[in-house]
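Written out below as structure tokens is the structure these notes cover.
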Amino acid sequence: MILMKAIFISYNQAYGEEISEILLEHKQKGYTRWQDIQGKGSFNGQPHMGSHAWPVMNNAILTVVKDERVEEIMADLKKKDEETPDLGLRAFVWNIEQAY
């Protein structure tokens, strides 16, 4: 049995394809991406609402990865966030109980 985790990544659209490239660097081809989503960070983030007052938007990716890839991917995502903290990037990991 292969143990898997889901990584949900929410990020400022200004990152463009950079987040997908991080996954590809870790040989993670599969993901689902949502574009132009709204939200606000829970720490010190500004609203990303696509409005006149708050014009920025977010994107999000959900990817299911083998357990042994999680730590490295999360480390690279954290590094990217620390390089440009004003943009906003958050990642969360969930257990996957079944997949086919």
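The values are calculated or read from the model by the stated rules, or taken from the named source; none is laboratory data. Worth saying up front: this structure is predicted, and the values here are computed from it rather than measured. When we count neighbours, we look across all protein chains shown, and the Cβ atoms used for this are built from the backbone with ideal geometry, even at glycine. To get the accessible areas, we keep the full protein, side chains included, count just its heavy atoms, and leave off ligands, DNA and RNA. Shrake-Rupley method; radii C 1.70, N 1.55, O 1.52, S 1.80 Å.
Tabulated values for the structure
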| item | result |
| --- | --- |
| Carbon/sulfur fraction of accessible area - the chain, other protein chains in place, 1.4 Å, % | 53 percent |
| Residue-level accessible surface for D81, protein heavy atoms, 1.4 Å, Å² | 30 Å² |
| Dipole in debye (nearest 20) - the chain, about Cα centre, beta carbon charges: Lys, Arg +1; Asp, Glu -1 | 260 debye |
| In Hz, Karplus ³J(HN,Hα) per residue of the stretch 46-62 (6.51, -1.76, 1.60; θ = phi - 60°; x = Gly, Pro) | 7, x, 10, 10, x, 9, 4, 6, 10, x, 5, 10, 10, 10, 9, 10, 10 |
| Anchor K40: lysines whose Cα lies under 26 Å away (excluding residues fewer than 8 positions away in-chain) | K5, K78, K79, K80 |
| Accessible area (Å², per residue) of the chain, counting only protein heavy atoms and a probe of 1.4 Å | 70 Å² |
| Most to least accessible of H26, H52 (protein chains only, probe 1.4 Å) | H52, H26 |
| Estimated FRET transfer efficiency when R0 is 41 angstrom, pair Q35-Q98 (beta carbons, to 0.05) | 0.90 |
| Cα-based Kirkwood hydrodynamic radius, the chain, one decimal, Å | 14.1 Å |
| W54 accessible area, assembled protein chains, probe 1.4 Å, Å² | 100 Å² |
| Cut-off 18 Å (backbone N to label point 7 Å along Cα→Cβ of Q13), residues of the stretch 45-61 | 46-61 |
